[in-house]
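To keep things clear, I will list the structure first and then write my remarks on it.
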Amino acid sequence: MDQVPGSPHGPQNQEPHGAQQLPVCYRHPDRETGIRCARCERPICPECMVNASVGFQCPECVRTGSGTGHPPAASRPRTLAGGTVATDPRLLTKILIGINLLVFLLQQWLGDDFSNRFKLIGHARFSMFGPPEGVAEGQWYRLLTAMFLHGSYVHILFNMLSLWWIGAPLEAALGRARYLALYFTSGLAGSALTYLIAAPDEASLGASGAIFGLFGATAVLMRRLRYDMRPVIALLVINLIFTFGWSNIAWQAHIGGLVGGVVVGYAMVHAPRERRALVQYGVCALVLAAVVVMTMLRTAQLT
């Protein structure tokens, strides 16, 4: 989330010291794998994978045609994070891009009055005789609405390209519900840190906080899959250079979103399978609780 075009990007990875190991193929215990059968969810290695209409199946499920006898819910195709595999795994990313573009068109059509009503600002007056406005005045909705506003054509172009490049593959990897939770939790974390640290009359807007969150979660996912970390580190360094080296960029939103994305992304990817949803959404709730605490602390300072 920025005042001027941000430029977040992201992807890839290697297992951290002491982290949970990848599961092993149920037919070849000496082989680790990040792929599961779309029907029974048992881990399978490349040798055992059989192409299916969605994902891959294990030899037993292909042979029987009905899986292992698990309940129907357990036989649905699942992503690595436990989400349901969708027919269009990039639908939410397309919708988010569409909403951002629509709001930007409204900004161009309705002018500054529209932007002033919804951008993130702590406490300020937009006119000499107007009432004070901002999050400190109870307008908490600005923490959310500012995520869909942009300051220029270049700003929205960079952010929407980044959202497509990073968000679309991540949505496919996590599933829709978890992806949406990650997006909004990261964006709100970026807004809350901006409100907490930035000057109260300094306006901020943009989707970069949420996008940096997607970037952080992508890095966690790639590390979980043991991909090469060097491309991710290089992209992170480039983005941080832009964040701190370019004037008028709300670096607080980038850092808040990145930290929120790493925390939530780690929970999404590493949660134990037996209580996966509880851990994943529980961590999202904790991050949102931190957002509320930061907002209340800053409001108490300004009022």
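Within region 1-51, the set of residues being assigned to a strand (DSSP E or B) and either touching a helix residue (DSSP H, G or I) at 6+ places or on another chain (Cβ under 9 Å) or modelled with pLDDT under 50 (or both) comprises D2, V50. Within region 97-129, being touching a Leu at 6+ places or on another chain (Cβ under 8 Å) and more than 19 Å from S204 (Cβ to Cβ) holds for one residue alone: I97. V293 satisfies every condition listed in (1) at pLDDT below 95; (2) in a helix (DSSP H, G or I); (3) aliphatic (A, V, I, L, M) except (1).
Per the conditions (1) out of contact with any strand residue (DSSP E or B) (no Cβ under 8 Å at 6 or more places or on another chain); (2) surrounded by 24 or more Cβ atoms within 10 Å (Cβ to Cβ); (3) of a type in the set (G, A, S), the sole criterion not satisfied by S208 is (1). On the basis of being touching a residue at least 12 places away in the same chain (Cβ under 8 Å) and buried (at least 20 other Cβ atoms within 10 Å of the Cβ), does R224 make the cut? Yes, satisfied. Cβ-Cβ contacts under 7 Å between residues 6 or more apart (or on different chains), taken from a first residue in region 227-240 that is under 19 Å from G209 (Cα atoms) to a second residue that is modelled with pLDDT of 75 or more and part of a helix (DSSP H, G or I), are listed as V232/A219; V232/M222. Touching a residue at least 24 places away in the same chain (Cβ under 8 Å), of a type outside the set (K, R) and over 19 Å from A181 (Cβ atoms): does that describe F158? Taking the combined requirement at face value, the residue satisfies it. Surrounded by fewer than 23 Cβ atoms within 10 Å (Cβ to Cβ), more than 30 Å from Y153 (Cα to Cα), of a type in the set (S, T, Y) and within 16 Å of the chain's Cα centre (by Cα) - does that describe any residue in region 267-281? Checking region 267-281: at least one residue is surrounded by fewer than 23 Cβ atoms within 10 Å (Cβ to Cβ), more than 30 Å from Y153 (Cα to Cα), of a type in the set (S, T, Y) and within 16 Å of the chain's Cα centre (by Cα).
Answer with yes or no whether A203 is hydrophobic (A, V, I, L, M, F, W, C) and crowded, with 24+ Cβ neighbours inside 10 Å.
no
Out of all the residues in region 94-117, is one or more modelled with pLDDT under 85 and assigned to a helix (DSSP H, G or I)? No, every residue in region 94-117 fails to be modelled with pLDDT under 85 and assigned to a helix (DSSP H, G or I).
The values are calculated or read from the model by the stated rules, or taken from the named source; none is laboratory data. Just so it is clear, the structure is predicted and the values come from calculations on it, not from any experiment. Positions of Cβ are generated from backbone atoms using ideal geometry, with glycine treated the same way; all protein chains shown enter the neighbour counts.
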